[in-house]
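Heads up: the structure comes next, in structure tokens.
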Amino acid sequence: MGLLQMIKSQFLCHLFAGYVFLVSGLIINLLQVCTLPLWLVSKQLARRINIRLAYCINSQLVAALEWWSGTECTLYTDPKSYELYGKENAVVVLNHSFEIDFLCGWTFCERFGVLGSSKVLAKKELAYVPVIGWSWYFLEIVFCKRRWEEDRRTVAESLQNLHDYPENFWFLLFCEGTRFTEKKHQISMQVAESKGLPKLKYHLLPRTKGFWVTVQNLRGSAAAVYDSTLNFRNNETPSLLGILNGKKYHADLYVRRIPLEQIPEDEADCAAWLHKLYQEKDSFQEHYAQTGRYPGPIVSPARRPWTLINWLFWSCLLLYPLGLLLSQLVSSGSVLTLVVSVALCSAASLGVRWMIGQTEINRSSNYGNKPASLNNN
Ligand SMILES: CC/C=C\C/C=C\C/C=C\C/C=C\C/C=C\C/C=C/CCC(=O)SCCNC(=O)CCNC(=O)[C@H](O)C(C)(C)COP(=O)(O)OP(=O)(O)OC[C@H]1O[C@@H](n2cnc3c(N)ncnc32)[C@H](O)[C@@H]1OP(=O)(O)O
Ligand SMILES: CCCCCCCC/C=C\CCCCCCCC(=O)OC[C@@H](O)COP(=O)(O)O
């Protein structure tokens, strides 16, 4: 392991990165709360401010991926579609197979200029995650309980609310509804068999209702679906902890732009359309497994410096109070102050470790682990 790699794996580096993320994130959450009165005066201005505030948070994780770990993200797509990315609203359908799939999505959001405004159909549990989850309220992220009876109305209303959104956004849908595990795949394929649907090798059976309600409620606002299929070279199993340790991964993303008009409006036809899409995605993953690449040309956008600049800004801003705190700690000589500071540091680092745990598949929910009728979140 080289010197640089050794430095990147030092706990003190992670502690400092976590300190900057947590403190800057809480400051930004506070600023977001301060924009609440503005929503009554000018909703659009409040939205634009929150897009930039959210960028300050999200881009720190993107900086960790792009600059700290140096992970390569390659885009396979049609050059004509490429010209439209970032210039229209779109529904992104992405396979949910990796712990950092959302982060690879974010890096493309950043490169096409929609990182602050992008949204997702997220499980309600994530709304309680400090910093990122809390910031999502102000981004009008759509939350679901993964119980259709309760979700159908709230999801539709939340999506309708986005029709006058002032900036381009991508709406991410992980149609499988949960991260891929062997057990969930086995149960999912039993459901596929019971429905007379072809089995999938690399995906869980997609949940079609959320996709249908999303497309129906974003018609007129979103121009297309970006069918996105992600994989990593050499069977890498990437993790956020790996990124923090400076480990370099190689992500490949295959994106097809499908105009919304091509998607049936009828619920049953739309469901059938989505099942067919996932059969195609499965064949792309088979192609990838055989050849190590996706079909079609590579047109990769380069990473941009703004995520690094944002991280350096917050680090310099927060380095001063940290230095003051440490110098007072040393000069005070008070054991109590030392004990309290160490306790606070430990609590914060455990908090950040818990947040990172939200991305780990070995801690995933029970959703999809039981047959249809007994599903729990
Ligand atoms: C150019 C670059 C392009 C792209 C860049 C890529 C991305 C960038 C874009 C944006 C980035 C933005 C943000 C990223 C940041 C963070 C992301 C955060 C991640 C969190 C995401 C999540 O939380 S995923 C979990 C929540 N989301 C979902 O669940 C969505 C999918 N689910 C649905 O849509 C569901 O329909 C529902 C939730 C609305 C309702 O679910 P429910 O289970 O109640 O009902 P369903 O009808 O879906 O399920 C019952 C039907 O399913 C069948 N069934 C039952 N059991 C199973 C089983 N075990 N497996 C499979 N199928 C099952 C059952 O038979 C029912 O079938 P029906 O025929 O009756 O429908
Ligand atoms: C600059 C370095 C910063 C270091 C500190 C980073 C700490 C913050 C890290 C992560 C915050 C939480 C990220 C939220 C996104 C989680 C996405 C996700 O994958 O959710 C799982 C969900 O889809 C399905 O859940 P289940 O599979 O059903 O269970």
For THR74, residues with placed amide H under 5 Å, excluding near neighbours: ALA251, ASP252, LEU253
Per residue accessible area in Å² of the range 194-319, where ligands, DNA and RNA are left out and the probe is 1.4 Å: 47 Å²
Segment THR35-ASN366, extension gain: residue separation times 0.36 nm, minus the distance between their alpha carbons: 115.5 nm
Built amide H within the under 5 Å cut-off of ILE263, gap 5+: none
For the range 333-347, 3J(HN,Hα) per residue [Karplus equation, 6.51 cos²θ - 1.76 cosθ + 1.60, θ = phi - 60°, Hz, x = Gly/Pro]: x, 7, 5, 4, 4, 5, 5, 5, 5, 5, 5, 5, 4, 5, 4
Solvent-free Debye scattering, log10 I(q)/I(0), computed from the Cα coordinates of the range 126-186 at q = 0.15, 0.19 Å⁻¹: -0.60, -0.90
Efficiency of FRET from Cβ geometry, LYS145 and ILE309, R₀ 35 Å, rounded to 0.05: 0.35
In Å, descending, principal axis extents of the Cα set of the range 240-344: 70, 33, 26
Within the chain, percent of DSSP bridges classed antiparallel, to nearest 5: 30 percent
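Add +1 for every Lys or Arg and -1 for every Asp or Glu among the other residues with Cβ under 14 Å from the Cβ of SER42, and state the total. If you can, show how the numbers build up before the last one.
Working: positive: LYS43, ARG47, ARG48; negative: ASP164.
Its environment carries a net charge of +2.
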Förster radius 51 Å - calculated FRET efficiency between ASP269 and TRP67, Cβ distance, rounded to 0.05: 0.70
Placed amide H near CYS144: partners under 5 Å, 5+ positions off or other chain: ALA122, LYS123, LYS124
SER341 - accessible surface, heavy atoms, 1.4 Å probe, Å² rounded to 10: 30 Å²
Residue list for the range 325-362, given a label point 7 angstrom along the Cα-to-Cβ vector of GLN10 and an amide N cut-off under 18 Å: 326-327
P(r), alpha carbons of the chain - 10 Å bins starting at zero, rounded %: 5, 22, 33, 25, 11, 4, 1, 0
Per-pair calculated FRET efficiency, R0 = 30 Å: ALA289 and GLN190 via Cβ, rounded to 0.05: 0.80
Calculated from backbone phi, Karplus (6.51, -1.76, 1.60) coupling profile of the range 356-362 in Hz, x at Gly/Pro: 4, x, 4, 8, 8, 5, 6
Trypsin sites (Lys or Arg not before Pro) lying in DSSP loop within the range 116-194, provided at most 15 other Cβ fall within 10 Å: LYS145, ARG147
Derived scalar couplings ³J(HN,Hα) [the range 126-136; Karplus, 6.51 cos²θ - 1.76 cosθ + 1.60; whole Hz; x for Gly, Pro]: 6, 5, 9, 6, x, 6, 5, x, 5, 5, 5
Distance (nanometres) between label positions extended 7 Å along Cα→Cβ at GLN328 and ALA302: 4.5 nm
Tilt relative to the chain, helix 43-63 - C-alpha long axis, 0 to 90 degrees, to 10: 80 degrees
Separation in nanometres of the label points that stand 7 Å from Cα toward Cβ, at ARG48 and ARG152: 3.9 nm
Cα-based convex hull volume of the range 143-292 per residue, rounded to whole Å³: 147 Å³
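The values are calculated or read from the model by the stated rules, or taken from the named source; none is laboratory data. Worth saying up front: this structure is predicted, and the values here are computed from it rather than measured. Neighbour counts are summed over all protein chains in view; Cβ atoms, including those assigned to glycine, are modelled from backbone coordinates with ideal geometry. Accessible surface areas use protein heavy atoms only, side chains included; no ligands, DNA or RNA. Shrake-Rupley method; radii C 1.70, N 1.55, O 1.52, S 1.80 Å.
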